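A short write-up of the structure that comes next.
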Amino acid sequence: MANLVYKRVSTDRQSTARQNLVLAEAGVEDPVVFEEDPGTSSRRHPLQRPKFGELLTYARPGDTVHISEMFRLVRGTGHILDVLDALHRDQVALRIHDGAFSAMVFTARHPRTGKLLPTVKFMVQTLAAAGELQCDLQRELT
């Protein structure tokens, strides 16, 4: 089972230093790193980003995707549910190491339907909506 690390920054003036620190503190062993080119837009659906696509192609059942915080992967509510569905389909776990999502278990599925538990879905949507609002406000202020 592989530890897959996904990293992304929004502009070419940013670095992955903070993400590297969070992931190093988490003790991710023998990571296989997938890092988007600087400036890969958070508006672009994660499933359409080149390096995340490579990660999904590389991933095998039982692997875990590690990210420093949710908003390095997604900002919007629809995107996170799409990503969780894709990871679940491929039997790949998601581990977020910092921020509001870090305490959540994303593998919790209904025993009969296999769908994401409604309570988990609600929490994911609520937190993602807050992130989307934050991003929109930042855009409005700059």
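The values are calculated or read from the model by the stated rules, or taken from the named source; none is laboratory data. Remember, predicted model here, so these are calculated numbers, not experimental data. Note that each Cβ is placed from the backbone with ideal geometry, even for glycine, and that neighbours are counted across all protein chains shown.
Within region 58-97, the residues that satisfy the criterion of being among the basic types (Lys, Arg) and farther than 21 Å from residue 41 by Cα are 60, 89, 95.
Among the residues of region 91-101, are any buried (at least 18 other Cβ atoms within 10 Å of the Cβ), under 21 Å from residue 129 (Cβ atoms) and acidic (Asp, Glu)? Yes; the residues of region 91-101 include at least one that is buried (at least 18 other Cβ atoms within 10 Å of the Cβ), under 21 Å from residue 129 (Cβ atoms) and acidic (Asp, Glu). Within region 8-21, the residues that satisfy the criterion of being over 15 Å from residue 41 (Cβ atoms) and either touching a strand residue (DSSP E or B) at 6+ places or on another chain (Cβ under 9 Å) or of a type in the set (Gly, Ala, Ser) (or both) are 15, 16, 17, 19, 20.
Applying the set (1) at pLDDT below 85; (2) touching a helix residue (DSSP H, G or I) at 6+ places or on another chain (Cβ under 9 Å); (3) aliphatic (A, V, I, L, M) to residue 103 leaves exactly one unmet item: (2). Filtering region 14-28 to residues that are in contact with a Pro (Cβ under 8 Å, 6 or more places away or on another chain) and either charged (D, E, K, R) or under 10 Å from residue 67 (Cβ atoms) (or both) leaves only 23.
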